[in-house]
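S.K.: One structure, pasted below without further comment.
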Amino acid sequence: MAGTDTVTRDIASASTINLTPDSNLPETPSLSIKALARDYAGNLSAASTILSVETDTTAPTPPNDADLDSGYDTGFYSDDDLTNSAILGFVIDGLVDGDSITLYVDDTQKSFVALGGYSAPNASGGVVGLLYAPSAPGLLDIKSTVTDSAGNTSTFSGEMVVKLDQTPPGQTDKPDLVDASDTGHLNTDDYTSDLTPTFSIADVTAGDSIYTIVSSGSESDTTGTGFSTNDTIQITISNLASDNVSEDDGVFSFTAFAVDSAGNASASVSSALSVTIDTTAPSAPIITLRAGDDSGVLNDDQLTNVMNPQFNIWNADGEDSLYIAAGSDTVFRGVPDENPDIVSTDSTTEGTISYTALLRDKAGNLSSVSTAYPVVIDTTRPGTPSLPNLLSASDAGFDDEDNITNVTLPNFVLTGLTPSTIDSALIYFDGSVAGSQWISQPLIDTLQIDPQSFNPVEIIGVSVGAIDSAGNVSLISDTLIIKIDTDPPTTSDPDLIPSSDLGESSTDDVTSDNTPTILFSTLEPGSINKLYRIAPGPPADTVLVQVDTVAAGEDTLSLTPSSPLPDDTYTVYSTTEDTAGNVVESGDLLNLVIDTQEPSAVISLEDSLVRLEDLSDTVRVNFSEGMSNPPQISVRYAGGAVQDTSDMTA
């Protein structure tokens, strides 16, 4: 029953039944519905619980036209419904809370999801937000309907058209620095001092925005923009000095790209234009004499014998023009290639010359004049030194004035030097330079040769030359002949001569001669030989006992101790020193015995009585030291002669 009217009836075939009113129910915000049941006997049940129902058959008001959300309206403007976004966000208002919305694109119902910050599909606060992903770019007709909670659907909203453009504009031409901004010598060299340069860019599309990018190394910055009205546009950089990549003058790369109204950018930037920005005059150059032309021992004293010297130039950038003046005369003009660069000057005169330099860059900026750089040019050779002399300390051997030595790095005394001009000297061995040295004293100095390779015995002609501070070399001095001998002298093992080897044997080195003579052979004439004896000790005691020189033309020498040797057992050896100072030691004579004590004997008879009739008798002799040969015993009988005992039995 609806209210008090019965609107439908039917026979239930089960415990549950669905009933539909036989006619339309009246529209009302609150209609009471209840049900009753009658059985086959006609008994009527009590009424059911009342169900209150609102009945509504009126279609809702259509929603307002959809609006493309500004976050999805890319390009120059956020309200032109022109975009390149692959996802479109729409906002629809004018709704009733609880209504749901349906989106149509080109008259086709489309699915969507909620746009963040809004509710969908049921309106909340009268506004919903929808996200929709188009399948292809182009012109899209957007409209919508709403359905109220009773299921009534509105008519369509008004249509809005969205243009989805995802095609990027084409690449522009390379920027071209306009003539008015291309300052300097030429207006076509892209070399300028203009910090607000203007560029012309061709092959653009009217309606696109054009951007310029300046790059330096790994840094880049978008520096200018303009809206094109035809196929060529001029863009002026507002202030290049304020951009991140342009703190200093330098070489910069300029490119361009286009952005269309939908926000699509060119797939690639244009070709790059390289522009040199130069607003600063070059720094004053630094001029120094090239080390190779600063002749003499020192290569930094600004003394030279080169009439047209070369200079190192600093602070040139490889494009600036350089001018060098010697006094008031320009001796060089050109473009140095490197920093530093080496430039050759025109020839000038001897004397002290003041050199200055300045730079002019391509933009015409002129540097300050460099600090004056004085150079002394001197081409006069110094006087000839005197004959060199081998320093006594280098003249090894027992004669320090014979110019015979075994020193392979000898020092020489140099005299006859000219103190006012000479700063170094050269020593020559057989005409080749063997050493050079700065002169520390006027008039006289010493010089050591450089390491050399010599034969064991070599005779060398030594001469000397002087070099002044400008590098001028004197004539060579007279020649000193020296002998460098590193070959050790020869010697032999010591040998006690037979006449000094007294006793039972002349070869056993046991003798009573306490000034024995020792023989050495295969000696070098003129060599000094020193005889040493070593007593066994303890402690062992080595003493020089004789010195002598081998006579000219001889190769043997006998050495006798200058004082007697005490009785003992000695080791004897010698050293041999030749005239160059080379020393060699002989082998050792071992166990030289000096024994000056006479032996003694004690005689005893086995029978204290010796009778004439005795056929034999035994005599015992005890000696004070051992004998290597049987002794000879003589017997003198009373009143008789000495009897030979050689046939006696010992």
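The values are calculated or read from the model by the stated rules, or taken from the named source; none is laboratory data. Just so it is clear, the structure is predicted and the values come from calculations on it, not from any experiment. With ideal geometry, Cβ positions are generated from the backbone for all residues, glycine too; neighbour counts draw on all protein chains shown.
S.K.: Among the strands (runs of 3 or more DSSP E) lying completely within segment 515-580, list those that include at least 1 residues that are over 60 Å from the mean Cα position of the chain (by Cα) and touching a residue at least 40 places away in the same chain (Cβ under 8 Å). Please lay out each step first, then the result.
M.R.: Working: elements: 518-520, 528-535, 541-549, 557-559, 568-577.
The qualifying strands (runs of 3 or more DSSP E) are 518-520, 528-535, 557-559, 568-577.
Residues checked against (1) touching a His at 6+ places or on another chain (Cβ under 9 Å); (2) of a type in the set (S, T, N, Q); (3) surrounded by fewer than 14 Cβ atoms within 10 Å (Cβ to Cβ):
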site: ILE518; (1), (2), (3): no, no, no
site: PRO536; (1), (2), (3): no, no, yes
site: THR542; (1), (2), (3): no, yes, yes
site: LEU559; (1), (2), (3): no, no, no
site: LEU592; (1), (2), (3): no, no, no
site: SER600; (1), (2), (3): no, yes, yes
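S.K.: Counting just the residues of segment 379-432 that are within 45 Å of the chain's Cα centre (by Cα) and of a type in the set (D, E, K, R), which one comes out modelled with the lowest pLDDT?
M.R.: ASP423
S.K.: Ok, one more. Would you please name the residue that is surrounded by the most Cβ atoms within 10 Å (Cβ to Cβ), looking only at residues in segment 83-97 that are under 58 Å from the mean Cα position of the chain (by Cα) and not in a loop (DSSP other than H, G, I, E, B)? Walk me through how you get there before you give the answer.
M.R.: Looking only at segment 83-97, we keep the residues that are under 58 Å from the mean Cα position of the chain (by Cα), and these are 83-88.
Filter once more, so that each one left must be not in a loop (DSSP other than H, G, I, E, B): 83, 88.
On the way: THR83: 26, LEU88: 24.
Within segment 83-97, the match that is surrounded by the most Cβ atoms within 10 Å (Cβ to Cβ) is THR83.
S.K.: Does segment 13-44 hold any residues that are surrounded by 10 or more Cβ atoms within 10 Å (Cβ to Cβ), farther than 17 Å from ALA150 by Cβ and modelled with pLDDT of 80 or more, and which are they?
M.R.: Within segment 13-44, ILE17, LYS34, ALA35, LEU36, ALA37, ARG38 qualify.
S.K.: Given the criterion more than 30 Å from SER220 (Cβ to Cβ), acidic (Asp, Glu) and surrounded by 15 or more Cβ atoms within 10 Å (Cβ to Cβ), identify the matching residue among ASP329, ASP293.
M.R.: ASP293
S.K.: Shifting gears a bit: Among THR304, THR330, THR288, THR349, which is the only one that is touching a helix residue (DSSP H, G or I) at 6+ places or on another chain (Cβ under 9 Å) and farther than 30 Å from THR196 by Cα?
M.R.: THR304
S.K.: Next question, about the same structure. Only one of these is touching a residue at least 60 places away in the same chain (Cβ under 8 Å) and within 30 Å of GLY318 (Cα to Cα): GLY416, GLY364. Name it.
M.R.: Working: GLY416 fails: within 30 Å of GLY318 (Cα to Cα).
Of the residues listed, the single one that is touching a residue at least 60 places away in the same chain (Cβ under 8 Å) and within 30 Å of GLY318 (Cα to Cα) is GLY364.
S.K.: Name the one entry in ASN403, ASN365, ASN411 that is touching a helix residue (DSSP H, G or I) at 6+ places or on another chain (Cβ under 7 Å) and of a type in the set (S, T, N, Q).
M.R.: Details: ASN403 fails: touching a helix residue (DSSP H, G or I) at 6+ places or on another chain (Cβ under 7 Å); ASN365 fails: touching a helix residue (DSSP H, G or I) at 6+ places or on another chain (Cβ under 7 Å).
Answer to the check: ASN411.
S.K.: Is at least one residue of segment 396-410 surrounded by fewer than 15 Cβ atoms within 10 Å (Cβ to Cβ), under 18 Å from GLY465 (Cα atoms) and of a type outside the set (Lys, Arg)?
M.R.: The answer is no, given that none of the residues of segment 396-410 is surrounded by fewer than 15 Cβ atoms within 10 Å (Cβ to Cβ), under 18 Å from GLY465 (Cα atoms) and of a type outside the set (Lys, Arg).
S.K.: Write out, first by first residue and then by second, each pair whose Cβ atoms fall under 8 Å of each other, whose residues are 6+ apart or on separate chains, and whose first residue, in segment 460-480, is without any contact (Cβ under 8 Å) to a residue 60 or more places away in the chain while the second is surrounded by fewer than 18 Cβ atoms within 10 Å (Cβ to Cβ) and assigned to a loop (DSSP other than H, G, I, E, B).
M.R.: Here the result reads ILE460/ASP430; GLY461/ASP430; GLY461/GLY431; GLY461/THR479, each pair linking segment 460-480 to a residue that is surrounded by fewer than 18 Cβ atoms within 10 Å (Cβ to Cβ) and assigned to a loop (DSSP other than H, G, I, E, B).
S.K.: Kindly indicate the residue of segment 335-357 that is small (Gly, Ala, Ser) and at pLDDT 85 or above and also farthest from the chain's Cα centre (by Cα) among those meeting that condition. Spell out how you get there, then give the answer.
M.R.: Step one: of segment 335-357, the residues small (Gly, Ala, Ser) are 344, 347, 351, 354, 357.
Add one more test, that the residue is at pLDDT 85 or above, and what stays is 351, 354, 357.
Values: GLY351: 43, SER354: 39, ALA357: 34 Å.
Step by step, filter segment 335-357, then rank; the result is GLY351.
S.K.: Follow-up. May I ask you to verify whether VAL343 is surrounded by 15 or more Cβ atoms within 10 Å (Cβ to Cβ) and in contact with a Phe, Trp or Tyr (Cβ under 6 Å, 6 or more places away or on another chain)?
M.R.: On the way: surrounded by 15 or more Cβ atoms within 10 Å (Cβ to Cβ): yes; in contact with a Phe, Trp or Tyr (Cβ under 6 Å, 6 or more places away or on another chain): yes.
Here the answer is yes, as VAL343 does meet what is asked.
S.K.: Now, a different point. Taking the stated definitions as given, is PHE156 at pLDDT 90 or above and in contact with a Pro (Cβ under 9 Å, 6 or more places away or on another chain)? Write out each step before concluding.
M.R.: Working: at pLDDT 90 or above: yes; in contact with a Pro (Cβ under 9 Å, 6 or more places away or on another chain): yes.
Yes; evaluated as a whole, the condition is true for this residue.
S.K.: Still on this structure, I have one more. Can you tell me which residue in segment 167-193 is farthest from the chain's Cα centre (by Cα), limited to those that are buried (at least 18 other Cβ atoms within 10 Å of the Cβ) and free of Cβ contacts under 8 Å to residues at least 24 places away in the same chain?
M.R.: The selected residue is SER181.
S.K.: In segment 481-510, which residue that is in contact (Cβ under 8 Å) with a residue 12 or more places away in the chain and among the hydroxyl-bearing types (Ser, Thr, Tyr) is nearest to ARG381 (Cα to Cα)?
M.R.: Across segment 481-510, the extreme among qualifying residues is THR486.
S.K.: Right, another one. Please verify whether segment 67-78 includes one or more residues that are part of a loop (DSSP other than H, G, I, E, B), within 60 Å of the chain's Cα centre (by Cα) and without any contact (Cβ under 8 Å) to a residue 40 or more places away in the chain. Give the derivation first.
M.R.: So the first thing to find is which residues in segment 67-78 are part of a loop (DSSP other than H, G, I, E, B), and the list is 69, 73-78.
Still in the list and also within 60 Å of the chain's Cα centre (by Cα): 69, 73-78.
Retained after the next criterion (residues that are without any contact (Cβ under 8 Å) to a residue 40 or more places away in the chain): 73, 78.
Looking for residues that are part of a loop (DSSP other than H, G, I, E, B), within 60 Å of the chain's Cα centre (by Cα) and without any contact (Cβ under 8 Å) to a residue 40 or more places away in the chain, one finds at least one in segment 67-78, hence yes.
Each row is one residue, and each column tells you yes or no for (1) under 30 Å from PRO168 (Cβ atoms); (2) under 31 Å from the mean Cα position of the chain (by Cα).
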position	(1), (2)
SER268	yes, no
SER271	yes, no
ALA281	no, no
GLN310	no, yes
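S.K.: As an exercise: evaluate SER274 against (1) at pLDDT 90 or above; (2) surrounded by 13 or more Cβ atoms within 10 Å (Cβ to Cβ) and give the number of the one condition it does not meet.
M.R.: Every listed condition holds for SER274 apart from (2).
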